[in-house]
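J.: Okay, handing you the structure first.
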Amino acid sequence: MVKIMKILFLKRQHIYLFLFILLIISLLSFIFYHPFSFAFELTTNSNIDDNLKDKIASLAKNEEKIAYLTFDDGPTKKATPKILDILKEKNIKATFFVIGKYVKNHPDIVKREYEEGHYIANHGYNHNNSKLYASPESFINEIKNTDIEIGKAIGIDNYCSHIFRFPNGYMSPNNKFKKKEALKLLYDMDYTYIDWNCLNNDSIKKYSENQLLNNLKKSAKNKGTLIILMHDTTDVSNSSNVLYESISYLESQGYEFRNFYDLVN
């Protein structure tokens, strides 16, 4: 009788061990085939406070070696998927400042950006300053219509990215007075804005891959936190062709990569 009890006990242990191993395998399989996104839902109800706005405004002044990769003017079929492949391989989350009309044309790409944990930020609907600054109503509609298209693409009602990048940057002297007026409208919509302090000049003229990398190195020299401007387009130079090498260089310089979810969280 005692022997029978021992055998039953051992069998029960083996069954528990088998079930435990099966559970671990199932969890690993789920994670592999359904990678978790670090993104979360940003809506018009998820307000940002003044502390966060101040933090974003002073980000470029930090001495900590943090790199925020940001891509403007997409999505595009020619560049964005390749960029996403590289970011996935390097396990880096970036921020995409998308244009509303291109989101409407390529919602599947924006959905992939979001599902892979990248921050989807607002860059206006047309990237056309004459339309953007035509009137206060026009500016507001450019922001809201872009958010609407993003929301449709990623399946979130009332989406609001809360972070805007002015076409050509707020620092540009073009439309300076109108930008000051637009800034008040942004704050009323519970938005803030961010420019950049590092770039490879991929939108200035046609550069070779080596030139793009050297431009980045010069722009990043002696800086702490970097907000890096690149473009996920091929209109002028193609940053996707030098992205892997750019990331590797910044890693060699001790930079840690983050995106704006880290701030909003």
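The values are calculated or read from the model by the stated rules, or taken from the named source; none is laboratory data. No experiment lies behind these values; they were computed from the predicted model shown. Every residue, glycine among them, receives a Cβ derived from its backbone with ideal geometry; neighbour counts consider all protein chains shown. When the accessible area is computed, the model is the full protein with side chains, heavy atoms only, and any ligands, DNA or RNA have been set aside. Shrake-Rupley method; radii C 1.70, N 1.55, O 1.52, S 1.80 Å.
J.: Please verify whether Thr225 is closer than 22 Å to Asp73 by Cβ and of a type in the set (Val, Ile, Thr), treating the condition exactly as stated.
T.: No.
J.: Continuing with this model, one more query. May I ask you to list the residues in the stretch 77-121 that are assigned to a loop (DSSP other than H, G, I, E, B) and among the β-branched types (Val, Ile, Thr)?
T.: Across the stretch 77-121, the qualifying residues are Ile92, Ile99.
J.: Taking the stretch 152-181, which residues are assigned to a helix (DSSP H, G or I) and surrounded by 22 or more Cβ atoms within 10 Å (Cβ to Cβ)?
T.: Ala153, Lys179 - these are the residues of the stretch 152-181 that are assigned to a helix (DSSP H, G or I) and surrounded by 22 or more Cβ atoms within 10 Å (Cβ to Cβ).
J.: Could you list, in sequence order, the residues of the stretch 127-149 that are open to solvent by 30 Å² or more (accessible area, probe 1.4 Å) and either among the charged types (D, E, K, R) or within 17 Å of the chain's Cα centre (by Cα) (or both)?
T.: Lys131, Glu137, Lys144, listed by residue number.
J.: Separate question: Do we have Gly124 as open to solvent by 10 Å² or more (accessible area, probe 1.4 Å), more than 12 Å from the chain's Cα centre (by Cα) and at positive phi here?
T.: Against the criterion (open to solvent by 10 Å² or more (accessible area, probe 1.4 Å), more than 12 Å from the chain's Cα centre (by Cα) and at positive phi), Gly124 does not qualify.
J.: Sort out which residues of the stretch 112-121 are open to solvent by less than 10 Å² (accessible area, probe 1.4 Å) and either acidic (Asp, Glu) or under 19 Å from Ile194 (Cα atoms) (or both), and write them in order of number.
T.: The answer is Glu113, His118, Tyr119, Ile120, Ala121.
J.: In the stretch 87-111, which residues are farther than 25 Å from Lys144 by Cα and buried (at least 18 other Cβ atoms within 10 Å of the Cβ)?
T.: Leu87, Ile92
J.: Scan (1) open to solvent by 40 Å² or more (accessible area, probe 1.4 Å); (2) closer than 24 Å to Glu115 by Cβ; (3) aromatic (Phe, Trp, Tyr); (4) touching a Ser or Thr at 6+ places or on another chain (Cβ under 6 Å) for the single condition Tyr244 breaks and write down its number.
T.: (4)
J.: On to the next question. Anything in the stretch 216-234 that is surrounded by fewer than 22 Cβ atoms within 10 Å (Cβ to Cβ) and closer than 15 Å to Lys82 by Cα? List them, or say none.
T.: Of everything in the stretch 216-234, just one residue is surrounded by fewer than 22 Cβ atoms within 10 Å (Cβ to Cβ) and closer than 15 Å to Lys82 by Cα, namely Thr234.
J.: In the stretch 61-76, which residues are within 17 Å of the chain's Cα centre (by Cα) and either surrounded by fewer than 21 Cβ atoms within 10 Å (Cβ to Cβ) or assigned to a loop (DSSP other than H, G, I, E, B) (or both)?
T.: Hits for the stretch 61-76 are Ile66, Asp73, Gly74, Pro75, Thr76.
J.: Of the residues in the stretch 188-213, how many are outside any loop (DSSP other than H, G, I, E, B) and either surrounded by 14 or more Cβ atoms within 10 Å (Cβ to Cβ) or in contact (Cβ under 8 Å) with a residue 40 or more places away in the chain (or both)?
T.: Number satisfying all stated conditions: 8.
J.: Scan the stretch 35-60 residue by residue and report those that are in a loop (DSSP other than H, G, I, E, B) and of a type in the set (Asp, Glu).
T.: Glu41, Asp49
J.: Continuing with the same structure: If I filter the stretch 119-131 for residues that are under 30 Å from Leu250 (Cα atoms), among the polar types (S, T, N, Q) and in contact with a helix residue (DSSP H, G or I) (Cβ under 8 Å, 6 or more places away or on another chain), do I get at least one hit?
T.: yes
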